[in-house]
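The block underneath contains the structure these notes are about, expressed in structure tokens.
Laboratory data are not the source of any read-out in this text; all were calculated from the coordinates shown. As the structure is a prediction and not an experimental result, all values here were calculated from the model. Positions of Cβ are backbone-derived with ideal geometry, glycine not excepted, and every protein chain shown enters the neighbour counts.
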Amino acid sequence: MKKYIVVLGICCLLFSLGCEKKDTSFLITENSIGPLSNTTPVEDLEAVFIQDSIVKDTSSLSIASQSRKIKLFEKGGKHLMTLTPNLDSVPKIENIRIFDTRYVTGDGISLQSTFKDIQTTYAIKKIVTTLNSIVIFPKESNLYFTIDKGELPANLRYSTSTIEAVQIPDNAKIKYLMLGWE
């Protein structure tokens, strides 16, 4: 009888460890980033980020007004992310720029990742060349990544022509990590 009780106790312990809830405070998914989801109205941001500081455009009077940039900071002052709401009658978040290196996708991509990490994790849909950077859009993902042209070989830094994935060094660092919701 004692053997059964011990075995039952071990099974319960293993089950409770397996059901332990993972911390998702800094997890990036296609439809969420930490506690924020793509369905969260802008007016609910203060409730969602109750432990953090919200800084909005000084020209707007309330968080639910048509503020174009909303910055989120930890209480200690660390910049977490900047949110851009859409202009709908019930504004929701349209675009997020991540500033904190603790935010990471389920696949381990963060601001500390390189182009090789992106290419290993995602199929590349397109690469857009801008004046000072390149923007990488993965297939079937709401994420997109910006790499500074300073990370590219010298002959590509001042070019506005199309840059292919094979021309980007594996060790090129991510400058901006963005998440776009439609």
| Convex hull projection area averaged over all views, the stretch 61-182, Cα basis, nm² | 9.1
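Calculate, in nm to one decimal, what Lys173 and Ala123 gain on full extension: separation in residues at 0.36 nm each, minus their alpha carbon distance. Present the calculation step by step, with values, prior to reporting the outcome.
On the way: separation 50, 0.36 × 50 = 18.00 nm, distance 1.77 nm.
Using 0.36 nm per residue and subtracting the Cα-Cα distance, I get 16.2 nm.
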| query | Sorted by packing (mean other beta-carbon atoms within 10 Å per residue), highest first, where do 23-30, 175-182 land? | reply | 175-182, 23-30
| request: Calculate the spin-label point distance for Thr84 paired with Thr101, positioning each point 7 Å from the Cα along the beta-carbon direction, and give it in nanometres. | output: 2.6
| said: More than 17 angstrom separation, counting every C-alpha pair in the stretch 75-138; what % is that? | reply: 60
